[in-house]
1. What's the FRET efficiency of LEU52 with GLU292 using the Cβ-Cβ distance as r and R₀ = 41 Å, to the nearest 0.05?
2. For labels at GLU110 and ARG213 in the simple 7 Å Cα→Cβ model, what's the distance in nm?
3. Quick check for you: with a 1.4 Å probe and neighbouring chains kept, what is the accessible area per residue of the chain, in Å²?
4. What number, rounded to the nearest 500 deg cm²/dmol, is the helix-based mean residue ellipticity at 222 nm of the chain, given -39500 (n - 2.57) per DSSP H run of at least four residues and division by all its residues?
5. Which whole-number value in Å³ per residue fits the convex hull of the alpha carbons of the chain?
6. List the residues of segment 333-363 whose backbone N lies under 18 Å from a point placed 7 Å from the Cα of THR41 along the Cα-to-Cβ direction.
7. In what sequence, highest mean first, do 286-294, 272-280, 134-142 appear when ranked by Cβ atoms within 10 angstrom?
8. For ALA126, list long-range residues whose amide hydrogen, built 1.01 Å from N in the peptide plane, is under 5 Å from its own amide hydrogen.
Amino acid sequence: MRHASFRWLALTMPVLAAACARDDAPTADFVINYEGVIPVTNTDPPPARLELVVSIGPKTLTDTGSPDEFGRVSSLALGPNEELFVADDLNHEVKVFGLDGAHHRTFGREGEGPGEFNSLNAVAWAGDRLLTFDPDLGRIGEWSAEGEWLGQRTTRAGVTGVPAWLRLYGVGPDEVFQFALLGPDLQRFYVGHDSRGETGDTVAWMRAPPIGRPAIVCEFEDRIRFFPIPFAPRFLQHPGPGGVLYSALNSAYRIFVTRNDGAEVLMVIERPLPAESFSTAEWRAANAEYYEWRETRSDASCDPRNPARPDARPFIEDLFVAPDGKLWVEVVRAAGNRWEVFDTEGRLLGSVPAPPRREEHVVPAFGPDYLLTIRRDSVDLDHVDVWRLERGN
C-alpha cells in the first residue's frame, strides 16, 4: 500500500495559469450595500456537541494491506444507507464503510478506461449516483452505490490542482456544483450537476473587494510555492442550493446569501463575537516556515518579500453548505477553532469545538447533522473520523 504526504505545493507556471483565472476577471462584486435586508443576528448558541461515531484507519504499523489503510484520502461523502465513501487518490480507488467501521467494498483502479482513475480529487452524491471528479482525465464519473460504472461527463481537461481547489460541492440531495473556467477570458463559475447530468445552472464566482494579499507567492526555477500570510483577511465563498452563493470576508462574522451574481441579497447572517488579537511570538512562529525556507532558497523571488501583519485574528476559517442545506462555519478563536451550524433560515443551531483534522489540501464533508474529517497521525497515515451533531442537553 502506498502512502504520501503533501508538505507543500509546487506547480509549473502553465498549470497555475490554467487552474486560476485572472484576479481582474469581470465577475460579480462582493456585497457592500444590503439596505432593506434585516440581518439574522445570533447571540447565545443552544446546547450542542459533536459525538464521535467511528474512526477508520490503521491501528498499528503492522496493519499493512488492511481495508482501513489509506494511501492519501482526498475526499469523503456520506451516501445511501449511511455508508461512508472514501476517495483514496494515491491508490486510485473508492473504499466504502459502514458507520460501524466495517469495510463493505472497494471499487476503481488506476487507468484511463471506464471505472478507472488517473486522479481522484473528489466524490459527491447526486440523487442515487456517486459522482467522482478526475481532473487529469477531464471527466466526472458516475457510479451506483454498489460501485457499478454508469458512465461519464466530460469536463475541462488538463487542469490540475489539489482537491481543496478542484472539488465537487454537494449542496442538496440532488444538487452538486463544480468549479469551472468558462469563456475566452477564463471567467470563474460554479457549474451545476444533478443525477441526470449538467443542469445548465451556473453561479458566478464573486470578486472580492481589495483586501491585500492572502499569501506570499515565491517563484524559483520553473516552480511556484505559496505561503499563506497568517491571520490575513480572506474572501470566502461557497455555492448553495437553488443557485445561491454564500460569501464572507473572514475579517468580520457576517455571511451574505445572494442570487443573480450578487445583485439580490436574500439573507445576511451575523454573530457578534469580540475581535481577538495575537502576540508577536505567535506572529513570528506562524511565519517561521517561510523565513526558514527563504534561507535555503536565496534564488527565489517572493511577492511580498515580508508579510504585512494584520491587526487581529480573522473570525472565520472557512464556510461550507451541507447537502441538507445547513451552513457550517469554522470559527477562529484563540482558545481553539469551533464549528458553528446554522439552519436554512440563518438561525444558529449549535457551537462546538472543532476536532483535529488534516488541513493540507483537503476539506471536510457533511451529511445530515454529520461532520466527516480527515486526520493524519504521527507517522503520516490518514484516518477518517465521522462525527454526529447532537443538539440539546
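1. Details: r = 35 Å, r/R0 = 0.86.
About 0.70, to the nearest 0.05.
2. Here the modelled spin labels are 3.7 nm apart.
3. 44 Å²
4. -1500 deg cm²/dmol
5. 152 Å³
6. Residues 346-349 qualify, since their backbone N sits under 18 Å from the label point.
7. The most tightly packed comes first, giving 134-142, 286-294, 272-280.
8. When sequence neighbours closer than 5 places are left aside, the close amide H contacts are LEU131.
The values are calculated or read from the model by the stated rules, or taken from the named source; none is laboratory data. Computed from a prediction, not measured in an experiment: that's the story for all the values here. Positions of Cβ are generated from backbone atoms using ideal geometry, with glycine treated the same way; all protein chains shown enter the neighbour counts. What goes into the accessible areas is simple: the full protein's heavy atoms, side chains included, and nothing from ligands, DNA or RNA. Shrake-Rupley method; radii C 1.70, N 1.55, O 1.52, S 1.80 Å.
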